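Let me begin by presenting the structure, written as structure tokens, before commenting on it.
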Amino acid sequence: MSTEYKPHPEDALSHVEEPATVYPVNPPTKSMDLLGWAKSNLFGSVPNTILTLLALFLLVKILPPIVDWAFISSVWSSATPDACRVDGVGACWAVVQNKYRFILFGLYPYEEQWRPVVSTLLYIVAVAVSCNPRFWSRRLLGLWAVVVIGSGILMWGGILGLPYVENEKWGGLPLTLMLSVLGIALAFPLGILAALGRRSSLPVIRSVSVVYIELVRGVPLISVLFMASVMIPLFLPEGVTINKLLRAFIGIVLFTGAYMAEAVRGGLQALPRGQYEAADALGLGYWQKTRLIILPQAIRLVIPPLVNQFISMFKDTSLVFIVGLFDLLNTVKTALTDPLWRPFYVEAYVFTALIYFLFCYFMARYSQYLERHLNTGVRR
Amino acid sequence: MTEPNKGRSGASFFNDVRVRGIIAQIVVLGLFVGLIGYLVSNTIHNLEVRQIATGLGFLSREAGFDVSESVISYTPADTFGRVIIVGLLNTLKVAVFGVVIATVLGTVIGVSRLSSNWLVARLATVYVEGLRNIPLLLQLFFWYALITVSLPSPRQAHKFAEGWFLSNRGFKFPWPVWEHGHTLGVIGLLAAVIAIYLLGRRANRVQAETGNRPNVLIPGLAALIGLPTVGWLIGGAPTAFDVPALTGFNFSGGALISPEFAALLLGLSLYTSSFIAEIVRGGIIAVPWGQTEAAVALGLRRGLVVRLILLPQALRVVIPPLTSQYLNLVKNSSLAVAIGYPDLVGTANTTINQTGQAVEGVAMIMLAYLTVSLTISAFMNWYNGHISLRGGR
């Protein structure tokens, strides 16, 4: 009806006396030009205006010096720090130019560093592929097996004509990535087991799970790492030793497993009781019920918290610095022990912080996307 | 089967769910006990081979190493037991300050993210995203380097007033020479806090009975200022100050905020505040808009709407995640060991290195953190129960 005759909106008023014809009038559009926007979002009221002015004042005070320091009067490239010691010079990005190989790859032999580059890329590609819900299938496990074994061969070498590199020399970004990705991969089954154990009706299994989860969640990661590094050698029979990397890795897996267990438990509790009862009514046994009915739904529910757990784990791997592993944070700290470049610690830390930030920020955005994506799937 | 089994399902013995449950538990228990026993026997053997003593006897031996700062008096001649107490108190000190600062900052930033002011909301977002996506340890290194490398040496210290110095050795400021008057003043302050609490409760009762709320602000302020002053005066009104002065290459006298403490407190508070900001934002969003409209329709003033309607409901959502952030802050304070602040992990670690008694040392660290964590969660659970909806009233 309304499509047949569209009067000019201003005409609408002149036609009011005509009965039975109501013309739809669009609501007044918000004037979204810059001034109107600024008026409603920045200068809406007196306190608002004061806040805006304060914020602007701060920005004007802070931003130009930072931009000047970082981009305009900075030194981008120089083989020695002398160019940075001149008065009035800003950021000395030359420290990154000179040290980035060590920051990114640690003590790994210089000529062989294409190998950690390739394994890092393998991991990043595998993570990126796994992020897409379209590829969630059993074949993904195959891809991961290939990536883990492939990067292991690359990093260790010793076959295919690659010189052997012991894992004491691994370091930097590949180490951080491997610790967090493999850590989460092993902590996940551990967390599922502990979560199932905590919900079990069998008192012994429940108490073992509760003690493990609460004990680990009550203490800092540092103390778990300390325990792993000083106590695992004591636990093992005489003559058996395992290296620092593996010990720290065990500590990380045990630590993350407890947090994963709590996330998975949230998913288990969120499932409607009917799902459990229906599975029982079908005559499924405990493991069949868990594997076919409960876990697929529960894990789907907890994927966003699990991604968040991955983010915090990625940041937490920086603590292996304390037990003497050369992860990304330790390499930058070691690079700064060079007295020549020591004064330019801000630039080196900013560079490292950017790497961490990029990974964490995109994972966080991904987790938000996933939350929306999975929700629409459930709502139908 | 002519007669159904009572209590047992009709399945054969080994297919009975309860029998299987018992068998599974026996197996798990056996594996668990076996594993522990194996590890313990290995440990005892290893300790014997390495000739490391066991037991807590080392706690009463002389420590022989110094710590850079301590809440209680400490000298290297004191025992290992005392040095671990010193570490624990240092951990608690930074945790208490950190929790307060992070909560205040986090609330301000969280509210700012919801501000109708575009610029303020954006700045708050940048703050939150920037801080929470960078590892805390990296931030600690950054702050520590900023303080120790960028600030001038004591000889060129920034001097704000007589005795107020900022240098790469920390922040020095005058501090009263402690006497009875100060102790009595602190007691007066505590009494004032209790008095204000009681005044508030009485005001609530009177308001519930008569509808008029007696004024709390003025008597409260009077108590807050008056009682400590009275205590101080009774104690002889001491006015002596210990003013820092440059002697040689460093300052002597006065009170000190060390670079380690400052870096740790700054890093912990900023990092945790970014998480608290998100929690506060979530809590405010969780209160339906209709609640605000209803409150305004009742004629409540803006401040009262926030205090009586929004805050109580938002708190219910906020308290549980806030508790875990407080616990995280306490646990994260253990990163102090990386920048040399003598916290519990730091002093216990030195003790382990000196005595070789790793098992006892690590056990004590874990026990201390577990105690602190459980205390905080117990308190927050009590508080949460106190403010949550009471069903069936």
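What follows is calculated from the coordinates using simple rules that are stated; it is not laboratory data. Keep in mind the model is a prediction, meaning the values are calculated, not measured. Cβ coordinates were reconstructed from backbone atoms using ideal geometry, including for glycine residues, and neighbour counts include every protein chain displayed.
Counting neighbouring Cβ atoms within 10 Å and putting the fewest first, the residues A:Cys92, A:Cys84 line up as A:Cys84, A:Cys92.
Karplus-based coupling profile of the range A:49-59, in residue order and whole Hz: 4, 4, 4, 4, 5, 4, 4, 4, 4, 4, 4, with θ = phi - 60° in 6.51 cos²θ - 1.76 cosθ + 1.60 and x standing for Gly or Pro. Would you please give the FRET efficiency between B:Val111 and B:Phe13, computed as 1/(1 + (r/R0)^6) with r the Cβ-Cβ distance and R0 = 60 Å, to the nearest 0.05? With a Förster radius of 60 Å, E is 0.40.
Put a plus charge on the Cβ of each Lys and Arg, a minus charge on the Cβ of each Asp and Glu, and nothing anywhere else: the dipole of the range A:228-347 about its Cα centre is then about 180 debye. In terms of overall dimensions, chain B has a Cα radius of gyration and Dmax of 28.3, 101 angstrom.
Counting other Cβ atoms within 10 Å of each Cβ, which chymotrypsin sites (Phe, Trp or Tyr not before Pro) in the range B:248-332 have at most 11 and sit in a DSSP loop? Sites meeting the loop and neighbour criteria: B:Phe249. Close amide-amide hydrogen proximity is noted between B:Ser116 and no other residue 5 or more places distant or on a separate chain, at a cut-off under 5 Å (H modeled in the peptide plane; Pro and chain starts excluded). Against the empirical 2.2 N^0.38 Å (N residues), the range A:96-375 has a Cα radius of gyration ratio of 1.11.
Given R0 = 45 Å, the distance between the Cβ atoms of B:Val49 and A:Trp287 translates into a calculated FRET efficiency of 0.55.
Scanning chain B for DSSP H helices at least 18 Å long along the axis (C-alpha atoms) with a Kyte-Doolittle mean no lower than 1.0 picks out B:17-49, B:80-113, B:217-234, B:259-286, B:358-387.
For a quick check: with amide H placed at 1.01 Å from N, whose amide H comes under 5 Å from B:Ala245's, ignoring anything fewer than 5 positions away on the same chain? Correct list: B:Ser252.
Cysteine residues of the protein assembly as shown whose C-beta has no other cysteine C-beta under 4.7 angstrom: A:Cys131, A:Cys360. Applied to the range A:223-238, the Karplus parametrisation 6.51 cos²θ - 1.76 cosθ + 1.60 on θ = phi - 60° returns per-residue 3J(HN,Hα) values of 5, 5, 5, 4, 4, 4, 7, 9, 9, 4, x, 6, 6, 7, x, 4 Hz, with x for Gly and Pro. Rounded, prolate or oblate, given the Cα gyration tensor of the protein assembly as shown, with a/c below 1.5 counting as rounded? Note, shape of the protein assembly as shown comes out rounded.
Each part reduced to its alpha carbon centroid, the range B:124-182 and the range A:115-141 end up 44 Å apart. Only helices enter the 222 nm calculation for the protein assembly as shown: every DSSP H run of n ≥ 4 contributes -39,500 (n - 2.57), and dividing by all residues gives -21000 deg cm²/dmol, rounded to 500. Counting 0.36 nm for each residue step from A:Trp114 to A:Lys39 and taking away their Cα separation leaves a gain of 21.5 nm. The separation of the range A:59-106 from the range A:238-287, counted between C-alpha centres, amounts to 46 Å.
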